[in-house]
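A.B. asks: So that we are looking at the same thing, I have put the structure below in C-alpha coordinates.
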Amino acid sequence: VLCLTRPTDPRWVELAMLDLDAVLVDHAHCEMKAATNALSLAARSPDHPRVVRALLDLAEEEIRHYRAVLDELDRRGVRLGTPPPDEYAAEVRKLASSSARRRSADDALVDRLLVGALIEARSCERFRLLADALAKRSDALSSFYEDLFAAEARHFRTFVDLAIDASGDEEAVRARLRELARAEGELCDRLGVRGTVHG
Ligand SMILES: [Fe+2]
Ligand SMILES: [Fe+2]
(Lines give C-alpha, C1' and ligand atoms only; values in the text may rest on other atoms or scores of the structure.)
(Ligands and ions follow the chains in the order given, each with its own letter.)
Protein backbone atom coordinates (compact mmCIF):
# COMPACT_ATOMS: atom_id res chain seq x y z
CA VAL A 1 0.00 0.00 0.00
CA LEU A 2 1.35 3.40 -0.99
CA CYS A 3 5.07 3.44 -0.15
CA LEU A 4 5.04 0.83 2.65
CA THR A 5 7.69 -1.88 2.50
CA ARG A 6 5.99 -4.30 4.97
CA PRO A 7 2.31 -5.18 4.99
CA THR A 8 0.66 -5.18 8.42
CA ASP A 9 0.66 -8.58 10.13
CA PRO A 10 -2.81 -10.14 9.51
CA ARG A 11 -3.08 -10.82 13.27
CA TRP A 12 -3.31 -7.08 13.82
CA VAL A 13 -6.87 -6.70 12.53
CA GLU A 14 -7.98 -9.77 14.52
CA LEU A 15 -6.63 -8.17 17.70
CA ALA A 16 -8.14 -4.79 16.84
CA MET A 17 -11.59 -6.32 16.24
CA LEU A 18 -11.51 -7.94 19.69
CA ASP A 19 -11.60 -4.54 21.37
CA LEU A 20 -12.92 -1.84 19.05
CA ASP A 21 -13.53 0.54 21.95
CA ALA A 22 -9.81 0.49 22.76
CA VAL A 23 -8.94 1.02 19.08
CA LEU A 24 -11.29 4.02 18.94
CA VAL A 25 -9.75 5.55 22.07
CA ASP A 26 -6.27 5.20 20.62
CA HIS A 27 -7.52 6.41 17.25
CA ALA A 28 -9.00 9.58 18.79
CA HIS A 29 -5.62 10.43 20.32
CA CYS A 30 -3.92 9.74 16.97
CA GLU A 31 -6.16 12.26 15.20
CA MET A 32 -5.36 14.90 17.83
CA LYS A 33 -1.63 14.17 17.44
CA ALA A 34 -1.98 14.42 13.65
CA ALA A 35 -3.54 17.88 14.06
CA THR A 36 -0.91 19.14 16.51
CA ASN A 37 1.90 17.68 14.38
CA ALA A 38 0.58 19.52 11.31
CA LEU A 39 0.50 22.77 13.30
CA SER A 40 3.99 22.27 14.69
CA LEU A 41 5.30 21.59 11.18
CA ALA A 42 3.54 24.72 9.92
CA ALA A 43 5.29 26.71 12.65
CA ARG A 44 8.64 25.34 11.45
CA SER A 45 8.03 26.28 7.80
CA PRO A 46 8.01 30.11 7.76
CA ASP A 47 10.02 30.15 4.52
CA HIS A 48 7.49 27.95 2.71
CA PRO A 49 4.12 29.76 2.63
CA ARG A 50 2.42 27.13 0.43
CA VAL A 51 3.50 24.44 2.88
CA VAL A 52 2.12 26.48 5.79
CA ARG A 53 -1.29 26.88 4.09
CA ALA A 54 -1.55 23.20 3.20
CA LEU A 55 -0.60 22.15 6.74
CA LEU A 56 -3.27 24.44 8.20
CA ASP A 57 -5.88 22.79 5.95
CA LEU A 58 -4.60 19.41 7.06
CA ALA A 59 -4.74 20.36 10.75
CA GLU A 60 -8.35 21.51 10.33
CA GLU A 61 -9.28 18.22 8.71
CA GLU A 62 -7.54 16.19 11.44
CA ILE A 63 -9.48 18.18 14.06
CA ARG A 64 -12.71 17.21 12.24
CA HIS A 65 -11.58 13.57 12.33
CA TYR A 66 -10.80 13.91 16.03
CA ARG A 67 -14.28 15.29 16.66
CA ALA A 68 -15.86 12.45 14.63
CA VAL A 69 -14.03 9.78 16.64
CA LEU A 70 -15.03 11.54 19.90
CA ASP A 71 -18.67 11.48 18.70
CA GLU A 72 -18.37 7.74 18.08
CA LEU A 73 -16.91 7.22 21.57
CA ASP A 74 -19.83 9.22 23.03
CA ARG A 75 -22.36 7.07 21.14
CA ARG A 76 -20.72 4.00 22.67
CA GLY A 77 -20.55 5.55 26.13
CA VAL A 78 -16.75 5.14 26.15
CA ARG A 79 -14.55 7.66 27.97
CA LEU A 80 -11.50 9.01 26.14
CA GLY A 81 -9.05 8.75 29.04
CA THR A 82 -5.28 9.00 28.74
CA PRO A 83 -3.64 7.78 25.54
CA PRO A 84 -2.04 4.34 25.46
CA PRO A 85 1.74 4.51 24.90
CA ASP A 86 2.50 5.19 21.23
CA GLU A 87 5.95 3.73 20.76
CA TYR A 88 5.46 3.64 17.00
CA ALA A 89 5.00 7.42 16.68
CA ALA A 90 7.95 8.12 18.97
CA GLU A 91 10.23 5.69 17.11
CA VAL A 92 9.16 6.67 13.61
CA ARG A 93 9.86 10.35 14.41
CA LYS A 94 13.36 9.35 15.53
CA LEU A 95 14.00 8.03 12.01
CA ALA A 96 13.99 11.65 10.88
CA SER A 97 15.76 13.19 13.86
CA SER A 98 18.53 10.59 14.06
CA SER A 99 19.41 10.93 10.40
CA ALA A 100 23.03 11.82 9.78
CA ARG A 101 22.01 13.00 6.33
CA ARG A 102 20.50 16.24 7.57
CA ARG A 103 22.52 19.18 6.47
CA SER A 104 20.11 22.09 6.48
CA ALA A 105 16.87 23.23 8.07
CA ASP A 106 15.13 22.33 4.81
CA ASP A 107 16.47 18.75 4.94
CA ALA A 108 15.07 18.46 8.46
CA LEU A 109 11.70 19.78 7.31
CA VAL A 110 11.63 17.37 4.35
CA ASP A 111 12.35 14.46 6.69
CA ARG A 112 9.59 15.49 9.06
CA LEU A 113 7.13 15.83 6.18
CA LEU A 114 8.10 12.38 4.91
CA VAL A 115 7.68 10.87 8.37
CA GLY A 116 4.20 12.45 8.33
CA ALA A 117 3.61 10.74 4.97
CA LEU A 118 4.65 7.37 6.39
CA ILE A 119 2.37 7.67 9.43
CA GLU A 120 -0.52 8.55 7.09
CA ALA A 121 0.33 5.58 4.85
CA ARG A 122 0.36 3.15 7.79
CA SER A 123 -2.94 4.54 9.16
CA CYS A 124 -4.44 4.34 5.68
CA GLU A 125 -3.39 0.69 5.30
CA ARG A 126 -4.86 -0.24 8.68
CA PHE A 127 -8.13 1.66 8.20
CA ARG A 128 -8.59 -0.38 5.00
CA LEU A 129 -8.15 -3.61 7.00
CA LEU A 130 -10.60 -2.37 9.67
CA ALA A 131 -13.18 -1.24 7.08
CA ASP A 132 -13.08 -4.68 5.40
CA ALA A 133 -13.28 -6.62 8.68
CA LEU A 134 -16.18 -4.42 9.88
CA ALA A 135 -18.01 -4.82 6.55
CA LYS A 136 -17.84 -8.61 6.94
CA ARG A 137 -19.64 -8.21 10.27
CA SER A 138 -22.10 -5.73 8.70
CA ASP A 139 -20.94 -3.20 11.31
CA ALA A 140 -21.97 0.37 10.38
CA LEU A 141 -18.57 1.59 11.54
CA SER A 142 -17.19 0.16 8.30
CA SER A 143 -18.21 3.22 6.24
CA PHE A 144 -16.60 5.49 8.85
CA TYR A 145 -13.25 3.72 8.35
CA GLU A 146 -13.82 3.62 4.59
CA ASP A 147 -14.01 7.45 4.57
CA LEU A 148 -10.95 7.79 6.79
CA PHE A 149 -9.03 5.36 4.58
CA ALA A 150 -9.60 7.70 1.63
CA ALA A 151 -8.65 10.77 3.69
CA GLU A 152 -5.39 9.23 4.92
CA ALA A 153 -4.44 8.17 1.38
CA ARG A 154 -4.94 11.79 0.32
CA HIS A 155 -2.88 13.04 3.30
CA PHE A 156 -0.04 10.71 2.33
CA ARG A 157 0.09 12.33 -1.11
CA THR A 158 -0.17 15.82 0.42
CA PHE A 159 2.84 15.21 2.68
CA VAL A 160 4.93 13.86 -0.21
CA ASP A 161 3.93 16.81 -2.42
CA LEU A 162 4.83 19.24 0.38
CA ALA A 163 8.22 17.59 0.87
CA ILE A 164 8.86 18.00 -2.86
CA ASP A 165 7.70 21.62 -2.67
CA ALA A 166 10.00 22.36 0.30
CA SER A 167 12.98 20.59 -1.26
CA GLY A 168 12.60 21.42 -4.94
CA ASP A 169 14.26 18.09 -5.79
CA GLU A 170 11.62 15.45 -6.47
CA GLU A 171 14.05 12.63 -7.18
CA ALA A 172 15.94 13.17 -3.93
CA VAL A 173 12.67 13.29 -1.98
CA ARG A 174 11.42 10.04 -3.52
CA ALA A 175 14.74 8.32 -2.77
CA ARG A 176 14.64 9.55 0.83
CA LEU A 177 11.02 8.34 1.15
CA ARG A 178 12.09 4.86 0.03
CA GLU A 179 14.88 4.90 2.61
CA LEU A 180 12.57 6.00 5.44
CA ALA A 181 9.92 3.49 4.33
CA ARG A 182 12.43 0.65 4.66
CA ALA A 183 13.29 1.85 8.17
CA GLU A 184 9.57 2.12 9.05
CA GLY A 185 9.04 -1.48 7.89
CA GLU A 186 11.88 -2.69 10.10
CA LEU A 187 10.40 -0.71 12.98
CA CYS A 188 7.01 -2.44 12.53
CA ASP A 189 8.74 -5.84 12.64
CA ARG A 190 10.56 -4.84 15.79
CA LEU A 191 7.48 -3.52 17.60
CA GLY A 192 5.33 -6.59 16.90
CA VAL A 193 1.53 -6.63 16.98
CA ARG A 194 -0.72 -4.77 19.42
CA GLY A 195 -4.38 -3.76 19.33
CA THR A 196 -3.75 -0.06 18.78
CA VAL A 197 -3.85 1.94 15.54
CA HIS A 198 -0.09 1.71 15.02
CA GLY A 199 0.72 -1.09 17.49
FE1 LIG B 1 -7.00 11.83 10.26
FE1 LIG C 1 -4.32 12.15 8.28
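A.B. asks: What list of ³J(HN,Hα) couplings, whole Hz, do you get for the range 20-34 from phi and the Karplus terms 6.51, -1.76, 1.60, once you set θ to phi - 60° and write x for glycine and proline?
C.D. replies: Along the range 20-34, the couplings run 5, 4, 5, 4, 5, 4, 4, 4, 4, 4, 4, 5, 4, 5, 5 Hz.
A.B. asks: On to the next question. What translational diffusion coefficient, in µm²/s and rounded to a whole number, does the Stokes-Einstein relation yield for the range 1-110 at 25 °C and a viscosity of 0.890 mPa s, taking the hydrodynamic radius as the Kirkwood radius over Cα pairs?
C.D. replies: 151
A.B. asks: Which residues in the range 34-77 have a backbone N closer than 16 Å to a point placed 7 Å from the Cα of Asp21 along the Cα-to-Cβ line?
C.D. replies: Flagged as within label range: 70-77.
A.B. asks: With the alpha-carbon atoms as the only input, what is the per residue convex hull volume for the chain in Å³?
C.D. replies: 105
A.B. asks: So how much slack lies between Lys94 and Arg174, counting 0.36 nm per residue of separation and subtracting their Cα-Cα distance, in nm?
C.D. replies: 26.9 nm
A.B. asks: Who wins for biggest fluctuation among Val13, Val78, Val23 in a Gaussian network model of the chain, springs between alpha carbons below 10 Å?
C.D. replies: The residue with the greatest mean-square fluctuation here is Val78.
A.B. asks: When the accessible area of the chain is split by element with a 1.4 Å probe, what percent falls to carbon and sulfur?
C.D. replies: Carbon and sulfur: 52 percent of the exposed surface of the chain.
A.B. asks: Ranking request for peptides 158-170, 119-131, 136-148: highest mean number of other beta-carbon atoms within 10 Å first, then the rest in descending order.
C.D. replies: So the peptides 158-170, 119-131, 136-148, ranked by packing, come out 119-131, 158-170, 136-148.
A.B. asks: What does the accessible area per residue of the chain come to in Å², with a 1.4 Å probe and no ligands, DNA or RNA counted?
C.D. replies: It amounts to 50 Å² per residue over the chain.
The values are calculated or read from the model by the stated rules, or taken from the named source; none is laboratory data. Here the structure is a predicted model, which is why all the values come from computation and not from measurement. We place every Cβ from the backbone using ideal geometry, glycine too, and count neighbours over all the protein chains shown. When the accessible area is computed, the model is the full protein with side chains, heavy atoms only, and any ligands, DNA or RNA have been set aside. Shrake-Rupley method; radii C 1.70, N 1.55, O 1.52, S 1.80 Å.
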